[in-house]
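Participant: Structure in structure tokens, see below.
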């Protein structure tokens, strides 16, 4: 499927608007505090901007990570607290700088894809780290669902690096993260924990965004690959000439 630049820009605008409108409506209905509303909206806006390749998503994400860690702490999800405060906040700054260096004229970032060998290596690494972190988190008597928490933590770390390096495979990991996070917060909601129902909805929207993001970045990565091949061919022709 060939999608033109003007079509992509239009789709990006529609998706961003749709996510903000849905997020605003749901937070206005379900959020019990202004703080909960800001956590929800900042998270939605952050992932929507990243899905269309806009570096501003990193800036919104700084607040989203800090505020989400507060909710996670109140719900006994300490792995989520450590991940957001000590990883997502600093990598948000680094990611913004890296994306700024690789932005196109329409202010979206150039997109890439991994080869099959790298995908296999990353998958094995994720499995090993999830098992190790799950055992470690389980040592904390107050820790809820250690291996679910470990799953989201490990995949979030790997996906964050793939995002900073502009690889489309980040979205496959985010799809997995979002599904597990929905289950994790659903368990908290069943226990009548703080903001559990709102977080279930937020992660559900994140899942839809990740599916859209993979499609969007698949197109972007293919376009970047074609442009790179064309540039190399042109340089080779100039050298021969």
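Participant: Identify all residues within the range 137-159 that are free of Cβ contacts under 8 Å to residues at least 40 places away in the same chain, surrounded by fewer than 18 Cβ atoms within 10 Å (Cβ to Cβ) and in contact with a helix residue (DSSP H, G or I) (Cβ under 8 Å, 6 or more places away or on another chain); write none if there are none. Working first, answer last.
Facilitator: Step one: list which residues in the range 137-159 are free of Cβ contacts under 8 Å to residues at least 40 places away in the same chain, which gives 138-139, 141, 147-148, 151, 154-155, 158-159.
Those still in the list that are surrounded by fewer than 18 Cβ atoms within 10 Å (Cβ to Cβ) too: 138-139, 141, 147.
Across the range 137-159, the qualifying residues are 138, 147.
Participant: Output the residue which, of all residues in the range 96-111 that are over 10 Å from residue 166 (Cβ atoms), out of contact with any strand residue (DSSP E or B) (no Cβ under 7 Å at 6 or more places or on another chain) and touching a residue at least 12 places away in the same chain (Cβ under 8 Å), is surrounded by the most Cβ atoms within 10 Å (Cβ to Cβ). Steps first, please.
Facilitator: Taking the range 96-111 and keeping what is over 10 Å from residue 166 (Cβ atoms), we get 96-97, 100-101, 103-108.
Adding the requirement that they be out of contact with any strand residue (DSSP E or B) (no Cβ under 7 Å at 6 or more places or on another chain) leaves 96-97, 100-101, 104-106.
The next check asks that each one be touching a residue at least 12 places away in the same chain (Cβ under 8 Å); those that pass are 96, 100, 106.
Details: 96: 17, 100: 12, 106: 11.
Ranking the candidates gives 96 first.
Participant: On to the next question. Which count do you get for residues in the range 44-88 that are crowded, with 23+ Cβ neighbours inside 10 Å and out of contact with any helix residue (DSSP H, G or I) (no Cβ under 8 Å at 6 or more places or on another chain)?
Facilitator: 0
Participant: Then there is this: Pick from 91, 17: which is assigned to a helix (DSSP H, G or I), within 19 Å of the chain's Cα centre (by Cα), at pLDDT 85 or above and surrounded by fewer than 17 Cβ atoms within 10 Å (Cβ to Cβ)? Before the answer, list the steps.
Facilitator: Values: 91 fails: surrounded by fewer than 17 Cβ atoms within 10 Å (Cβ to Cβ).
The conditions single out 17.
Participant: Just the residues that are modelled with pLDDT under 90 and outside any helix (DSSP H, G or I), please, taken from the range 113-167.
Facilitator: Once the filter is applied, which keeps residues that are modelled with pLDDT under 90 and outside any helix (DSSP H, G or I), the range 113-167 yields 138, 139, 140, 141, 142, 143, 144, 145.
Participant: Does any residue of the range 32-39 turn out to be assigned to a helix (DSSP H, G or I), more than 19 Å from the chain's Cα centre (by Cα) and surrounded by fewer than 17 Cβ atoms within 10 Å (Cβ to Cβ)?
Facilitator: Yes.
Participant: Out of all the residues in the range 176-195, is one or more at pLDDT 90 or above, over 29 Å from residue 33 (Cβ atoms) and assigned to a helix (DSSP H, G or I)?
Facilitator: Checked the range 176-195: at least one residue is at pLDDT 90 or above, over 29 Å from residue 33 (Cβ atoms) and assigned to a helix (DSSP H, G or I).
Participant: Let me ask you something else. Any idea how many residues of the range 49-63 are in a loop (DSSP other than H, G, I, E, B) and either under 12 Å from the mean Cα position of the chain (by Cα) or free of Cβ contacts under 8 Å to residues at least 24 places away in the same chain (or both)? Walk me through it before giving the result.
Facilitator: Just the residues of the range 49-63 that are in a loop (DSSP other than H, G, I, E, B), to begin with: 52-53, 55.
With the extra rule that they be either under 12 Å from the mean Cα position of the chain (by Cα) or free of Cβ contacts under 8 Å to residues at least 24 places away in the same chain (or both), the set shrinks to 52-53.
Selection size over the range 49-63: 2.
The values are calculated or read from the model by the stated rules, or taken from the named source; none is laboratory data. Computed from a predicted model, the values in this text were never measured in an experiment. Please note: Cβ atoms are built from the backbone with ideal geometry, for glycine as well, and neighbour counts cover all protein chains shown.
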